[in-house]
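Each remark here refers to the structure printed beneath this line.
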Amino acid sequence: RTAAISRDGRYLAYSDDNGFFLRQVDTGETHVVALPDGMSAASISWFPDSAHMIVGVNGQGHESSLWELSALGGSVRKFVDDGRVPAISPDGKRVAYIAGRALRERIWVAANDGTQPRELLGEDGDLFGGIAWSPDGKRLAYTTAKFAYGRGVKAVINILEVHDSSSYSVPSPATVVSLFGLEGPLAWAADGRLIYSLEEPRPRQMDSNLWSVRIDKQM
């Protein structure tokens, strides 16, 4: 369902039909991670300490929500009631996430304890996929598309500057990729590459590949 490697490369957190697990990469030792009853992990983002993470969970009859938990064990803590696809900034101080019902989704940014949430962008009709912070923590990349009846949708990857001040007017995003078949997951590597998933054209639309584009630091 989802997977994410810790910042130090030691752990892999992943979810499948059998539950949510934490695997030590060098030994293969694997442990079950407890989640709220009836919930499954759908998205994962690690804090810089590689010991804590925020997990987006959902379940039948339950809306998506974000929870903070430790790889070392202990109880889980709810981060926000409404939210999915968390992305923790490189310094661990901010968390971006998607919230809202279908066709009314927005991207939000909050402090690392869930306080000071603010709506960053989005309009009715927007569909959002993945989110990724730039290595310097000053920009967000996100996948988005507009809903259209009966037509294939060309999604785009946009990049937006993110400022700490909630009173700062949001600048216009820059589009770096516009393609049919963008699936959503994003990763912004330290070397400047933005890695994204692209599904194959018909009749192989169930298959997908990873692609990358190098991002100009000044963009």
Simple spin-label estimate for residue 193/residue 72, 7 Å along Cα→Cβ, in nm, reads 3.4
In nm, the gap between the two label points placed 7 Å beyond Cα toward Cβ at residue 21 and residue 213 is 3.5
One would report the Cα pair-distance distribution of region 83-155, bin width 10 Å, in %, as 20, 51, 23, 6, 0
For region 42-116, one quarter of the surface area of the C-alpha convex hull, expressed in nm², comes to 5.1
Probe 1.4 Å, heavy atoms of protein chains only: per residue, the accessible area of the chain in Å² is 56
Given all pairs of distinct Cα atoms, the chain yields a Kirkwood Rh in Å of 18.0
Share of accessible surface on carbon and sulfur in the chain, whole %, 1.4 Å probe and ligands ignored, is 49
Given 61-67, 73-79, 156-162, the highest-first ranking by average Cβ count within 10 Å works out to 156-162, 61-67, 73-79
Rg/Rh over Cα atoms for region 101-211, Kirkwood Rh, comes to 0.99
Mean separation of Cα contacts under 8 Å (at least 6 apart) over the residue count of the chain, i.e. the relative contact order in percent, is 9
Using alpha-carbon coordinates alone, the radius of gyration and Dmax of region 8-92 in Å work out to 12.4, 38
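The values are calculated or read from the model by the stated rules, or taken from the named source; none is laboratory data. What you are looking at is a predicted structure, and each value in this text was computed from that prediction instead of being measured. Virtual Cβ from ideal backbone geometry, glycine too; neighbours counted across all protein chains shown. In case anyone asks, the SASA skips ligands and DNA or RNA and just uses the protein heavy atoms, side chains included. Shrake-Rupley method; radii C 1.70, N 1.55, O 1.52, S 1.80 Å.
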